[in-house]
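Beneath this line is the structure, given in structure tokens, with notes to follow.
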Amino acid sequence: MKTSTRSSKHIDEPALTVVWYKKDLRLEDHEALCVASAAGRVLPLYVVEPDYWALPDTSYRQWGLLRGAVESLRDQIADHGGRLTIHIGAVVDALKEIRSDHGPFRLVAHMETGNAWTFARDKQVHCWCRDHDIAFDEFQQYGIWRGPALDRNKWAKRWDAMMSESIRPVPEKIDWVSFGDEKLLEAKDLGLKHDGIQDLQPPGRAAALKTLESFLYDRGEPYQKAMSSPVTGETACSRLSPHLVAGSLSMREIYQATLKRQAEIAELPKSERGLWPGALKSFIGRLHWHCHFMQKLEAEPEIEWLPMARIYEGLRPPPNDDARLTAFATGHTGYPFVDACMRYLKATGWINFRMRAMLMSFASYNLWLPWQQSGEVLARLFTDYEPGIHWPQTQMQSGETGINAVRIYSPVKQGYDQDPTGDFTRAWVPELAALDGSELQEPWTLDNPPSNYPAPIVDYRETTRDAKQRIYALRRTSEAKSEAAEVFEKHGSRKPRELRERRSRKAAQNG
């Protein structure tokens, strides 16, 4: 699938095609590159945009991961006899320079479901291309569809069909064109200061392939159960999310590799299959989930800052409590397991999904912080920050979609459940290293709690009770119920279980 910007004036197809790399940093399964190489000469372009890296949801660690993926792409292109052009500045300025030096060209790229800034940037590029008779074609890379004709009821089948298409090999012969520089900036040149990252996941194509293979053939067997804890999830989760963000691997490559592994497991005697069948089935569900959430932002870009159900707008109004936001961001809330998870995330750039949900739950319900503000804190910490997943998720975990169940995680119970030995908590909250059991997860119950660790910033039982009262009071209104139906029609999952739950709720509402 592609979308196009073309002038109404007829122009001959130029001999040069510029491949604008964004979050698709690979040669394999790259439709834009295949189209460009078939048409003639190819100029591969990556643009480092300083204005983007000044945004509040970008960070030093994100640039570190993306920079490594760009370096990997540069090496791959060099291995195939070409040179990656790297421009520092605005995309339109890069295109102006290419046009001035090479004359007319065609521009190709993959569609991006990014934040509001990249959306505005893409529209600016489309406008410039129209004004200068430049053909600009964008190709689909994820199971995400653009435009008003989207039918959510058919989305899953379309996703399956797209991911089952043949993986596009690297073109055998590419007529590369060189232009400009190939130097990458350091983080300090973009004004990005070190943000506490200690263990950045290795970026690039080779690391991505190694990660995929180790998950499918070694680490992934306990995936279903082990994914819930940061202790076991660190190894048992796929850890592919940063590579999907950078595009070092395509979703289709991952999906088809997983199907291949499923087929191999199915050939084994039942006694030798272990936990693999359930793990792989669950993982494929997560691949669908990835695009399902990105489709929400694609369909409604405003949900980066507005709740899906507008009736919740202003529910957690600013000005917020800056002391609470700072305590949350630094891991000094007085709740040991919450603080351990935040400190781990700050050091590694990753944490498992359930703990992400718990952190947003704690920020939104117990601290009553606007999800836009706590969401920015987490966005900067995630090396796998994907706006299309992140912003719908922050809303869902804050109870502002109108259609999802309200899930408020107990910060104490999660500590007992997900860190039963306490080793994780003690490692990341060394102030409590001498404690164990209930003393570790609830140090405020001690007669003499450690003086170097803060008391709880809020009472989690009291704030949970208050949050439930506020959320459910709003949910029970006729306006909220009416808007929820509209939100579901636009964004809701069409899984059988969720459809049954929706019908049940509707029947209850109708008496």
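The values are calculated or read from the model by the stated rules, or taken from the named source; none is laboratory data. Note that the structure is predicted; figures quoted are calculated from it, not measured. Cβ sites come from the backbone with ideal geometry, for glycine too, and all protein chains shown count toward neighbours. Just the protein is used for accessible areas: all its heavy atoms, side chains included, with ligands, DNA and RNA removed. Shrake-Rupley method; radii C 1.70, N 1.55, O 1.52, S 1.80 Å.
Remarks
- Restricted to segment 126-239, the set of helices (runs of 4 or more DSSP H) holding at least 1 residues that are under 19 Å from residue 284 (Cβ atoms) and either of a type in the set (Val, Ile, Thr) or open to solvent by 20 Å² or more (accessible area, probe 1.4 Å) (or both) comprises 155-163, 205-214, 223-226.
- Filter result for residue 332 (open to solvent by 10 Å² or more (accessible area, probe 1.4 Å) and not in a loop (DSSP other than H, G, I, E, B)): no
- Of the residues 156, 109, the single one that is out of contact with any His (no Cβ under 7 Å at 6 or more places or on another chain) and among the small types (Gly, Ala, Ser) is 109.
- Any pair with Cβ under 6 angstrom, 6 or more apart, that starts in segment 164-181 at a residue that is touching a residue at least 24 places away in the same chain (Cβ under 8 Å) and ends at one that is assigned to a loop (DSSP other than H, G, I, E, B) and open to solvent by less than 60 Å² (accessible area, probe 1.4 Å): 167/29; 168/29; 170/27; 170/28; 176/82
- Qualifying residue in segment 260-269 (condition: open to solvent by 40 Å² or more (accessible area, probe 1.4 Å) and within 26 Å of residue 73 (Cβ to Cβ)): yes
- One residue from 363, 340 being touching a helix residue (DSSP H, G or I) at 6+ places or on another chain (Cβ under 8 Å), modelled with pLDDT of 95 or more and closer than 25 Å to residue 236 by Cα: 340
- Residues (more than 30 Å from residue 486 (Cβ to Cβ), surrounded by fewer than 21 Cβ atoms within 10 Å (Cβ to Cβ) and touching a residue at least 60 places away in the same chain (Cβ under 8 Å)) located in segment 391-416: 412
- Breaking point among (1) touching a residue at least 24 places away in the same chain (Cβ under 8 Å); (2) among the aliphatic types (A, V, I, L, M); (3) touching a Lys or Arg at 6+ places or on another chain (Cβ under 7 Å), for residue 236: (1)
- Selection over segment 105-125 of residues that are out of contact with any Phe, Trp or Tyr (no Cβ under 6 Å at 6 or more places or on another chain) and either at positive phi or part of a strand (DSSP E or B) (or both) gives a count of 2.
- Matching option when the condition is more than 30 Å from residue 490 (Cα to Cα) and in contact with a helix residue (DSSP H, G or I) (Cβ under 7 Å, 6 or more places away or on another chain), among 433, 427: 433
- Residue list for segment 345-361, restricted to those being out of contact with any Leu (no Cβ under 9 Å at 6 or more places or on another chain), in a helix (DSSP H, G or I) and either closer than 19 Å to residue 410 by Cβ or open to solvent by 10 Å² or more (accessible area, probe 1.4 Å) (or both): 353, 354, 357, 358, 361
- Test: residue in segment 76-99 that is buried (at least 16 other Cβ atoms within 10 Å of the Cβ) and either modelled with pLDDT under 95 or at positive phi (or both): no
- Whenever a residue of segment 293-304 is closer than 14 Å to residue 394 by Cβ and open to solvent by less than 10 Å² (accessible area, probe 1.4 Å), its partners that are assigned to a helix (DSSP H, G or I) and among the acidic types (Asp, Glu), lying with C-beta atoms within less than 8 angstrom and at least six residues away or across chains, give the pairs 297/304.
- Residues located in segment 408-434, provided they are over 21 Å from residue 347 (Cβ atoms) and either among the hydrophobic types (A, V, I, L, M, F, W, C) or at pLDDT below 95 (or both): 408, 412, 434
- Of residues in segment 1-40 being of a type in the set (Val, Ile, Thr) and at pLDDT 95 or above, the one most open to solvent (accessible area, probe 1.4 Å): 35
- A single entry from 430, 387 fulfils the requirement of being open to solvent by less than 10 Å² (accessible area, probe 1.4 Å) and more than 18 Å from residue 467 (Cβ to Cβ): 387.
- Helices (runs of 4 or more DSSP H) completely within segment 390-475 that count 2 or more residues being polar (S, T, N, Q) and more than 27 Å from the chain's Cα centre (by Cα): 437-441, 460-475
- Residues being loosely packed, with under 15 Cβ neighbours inside 10 Å, touching a residue at least 40 places away in the same chain (Cβ under 8 Å), in contact with an Asp or Glu (Cβ under 9 Å, 6 or more places away or on another chain) and within 30 Å of residue 415 (Cβ to Cβ) are entirely absent from segment 284-291.
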